[in-house]
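I have placed the structure first, in the form of structure tokens, so that the comments after it can refer back to it.
The values are calculated or read from the model by the stated rules, or taken from the named source; none is laboratory data. All values reported here derive from a predicted model rather than from experimental measurement. Positions of Cβ are generated from backbone atoms using ideal geometry, with glycine treated the same way; all protein chains shown enter the neighbour counts. Remember, those area values only see protein heavy atoms, side chains included, never the ligands or the DNA or RNA. Shrake-Rupley method; radii C 1.70, N 1.55, O 1.52, S 1.80 Å.
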Amino acid sequence: MKTKKKNVSDIIQEYGALIALVVLVVVIGAISPEFRTVNNFLSLIRQSSINGFIAFGMTMVILTGGIDLSVGSTLALSAALCAGMITKIGIPVPLAMLITLVFGLILGGISGVLITKGRLQPFIATLITMTVYRGLTMIYMDGRPISNLSSDEFVMPRALVFFGKGSIAGIPVPVILFVIAFVIFFIILNKTTMGRKIYAVGSNDKCAVLAGISITKVKLAVYSISGLMAALSGLVLLSRLNSAQPTLGDGYELDAIASVALGGTSMNGGRGKVTGTLIGILIIAVLNNGLNILGISSYYQDVVKGLVILVAVLSDKNR
């Protein structure tokens with residue numbers, strides 16, 4: 001049997017994100033020699049890992065037909081809690097980090113409960129948790145950063161320093177964690193029953209129910225995982241900044257959603273790949289890095305990101 005040859009339109013739809021990434025790298029590299037340096041690429045990948053953790057969790061959420069606007073606030077509240085446990089209570093750092101990850105899992109689960117048990121739309125439910133979590137962060141920190149992690153009294157322990165600033169064989173630890181997270185999410189979505197359930201719920205929840213799938217359990221799981229990944233990003237940022245800021249993570253949900261949309265995941269759910277999200281993460285990282293090197297104002301960067309999301313969504317609609 002003869003296989004049907006792909007035309008140019010099919011190739012662009014299938015590999016459009018990858019082509020866009022290559023074009024971006026080539027164009028920005030040609031304009032700015034500084035962009036082509038090894039140190040800059042290393043920094044770019046390290047920075048992309050922070051958005052990457054959140055975007056992987058967001059991929060699962062969007063595949064179920066939902067969205068999570070609370071990830072930035074979850075990140076901030078989790079980082080504040082960890083810093084507070086270290087400086088105010090004196091909890092050992094490894095235990096404080098573990099509690100923080102569990103706390104992020106719970107925060108994400110609350111959004112899942114509002115959606116499944118409270119029957120709220122994902123946009124409304126996570127808008128509520130986003131606002132509440134940000135307010136709780138401000139209350140807990142009294143609007144001031146917890147910035148004495150590196151003081152004589154509270155020298156940031158090696159475990160936390162290593163988590164965000166360390167390296168193994170010259171490879172930054174956040175990058176290693178990023179690769180591990182990608183492999184785990186790839187296996188879950190492509191090789192497990194849980195992955196098939198996520199796609200089924202996003203494709204047609206009524207058919208999923210008839211197939212014996214518990215939509216409540218699936219959605220609770222994906223929103224909890226999203227919160228966990230946001231907390232993980234919070235720990236990396238806490239390590240890199242040596243402090244917890246009340247505004248930490250502000251706007252991070254935009255980068256995560258943009259990465260997922262750019263990667264070809266349908267905003268209606270049921271279709272998409274974590275490999276596409278990986279490419280979307282790198283596109284956002286290259287955009288941020290390249291625009292900063294070129295000295296373009298952050299205000300314009302937000303406009304560019306918004307337009308990028310618009311193009312991705314329109315492209316998905318056409319598909």
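Yes/no per residue for (1) assigned to a helix (DSSP H, G or I); (2) in contact (Cβ under 8 Å) with a residue 40 or more places away in the chain; (3) charged (D, E, K, R); (4) in contact with a strand residue (DSSP E or B) (Cβ under 8 Å, 6 or more places away or on another chain):
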| residue | (1), (2), (3), (4) |
| --- | --- |
| 218 | yes, yes, no, no |
| 233 | yes, yes, no, no |
| 258 | yes, yes, no, no |
| 267 | no, yes, no, no |
| 281 | yes, yes, no, no |
| 290 | yes, yes, no, no |
| 303 | yes, no, no, no |
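Applying the criterion of being over 13 Å from residue 61 (Cα atoms) and not hydrophobic (A, V, I, L, M, F, W, C) to the residues of the range 218-234, the residue that is nearest to the chain's Cα centre (by Cα) is 233.
Here 74, 87 are screened, and the one residue that is touching a Ser or Thr at 6+ places or on another chain (Cβ under 9 Å) and either under 26 Å from residue 127 (Cα atoms) or open to solvent by less than 10 Å² (accessible area, probe 1.4 Å) (or both) is 74. Answer with yes or no whether residue 182 is more than 30 Å from residue 90 (Cβ to Cβ), open to solvent by less than 70 Å² (accessible area, probe 1.4 Å) and in contact (Cβ under 8 Å) with a residue 24 or more places away in the chain. Here the answer is yes, as residue 182 does meet what is asked. Looking at 142, 205, 152, just one residue is among the charged types (D, E, K, R), modelled with pLDDT under 95 and under 22 Å from residue 72 (Cβ atoms), and that residue is 142.
Here is a yes/no grid of residues against (1) open to solvent by 10 Å² or more (accessible area, probe 1.4 Å); (2) under 19 Å from residue 234 (Cα atoms); (3) among the basic types (Lys, Arg):
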position: 245; (1), (2), (3): yes, yes, no
position: 248; (1), (2), (3): yes, yes, no
position: 257; (1), (2), (3): yes, yes, no
position: 260; (1), (2), (3): no, no, no
position: 264; (1), (2), (3): yes, no, no
position: 267; (1), (2), (3): yes, no, no
position: 277; (1), (2), (3): no, no, no
position: 295; (1), (2), (3): yes, no, no
position: 298; (1), (2), (3): yes, no, no
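Here residue 221 meets the list (1) crowded, with 22+ Cβ neighbours inside 10 Å; (2) farther than 30 Å from residue 143 by Cβ; (3) modelled with pLDDT of 90 or more almost entirely, failing just condition (1).
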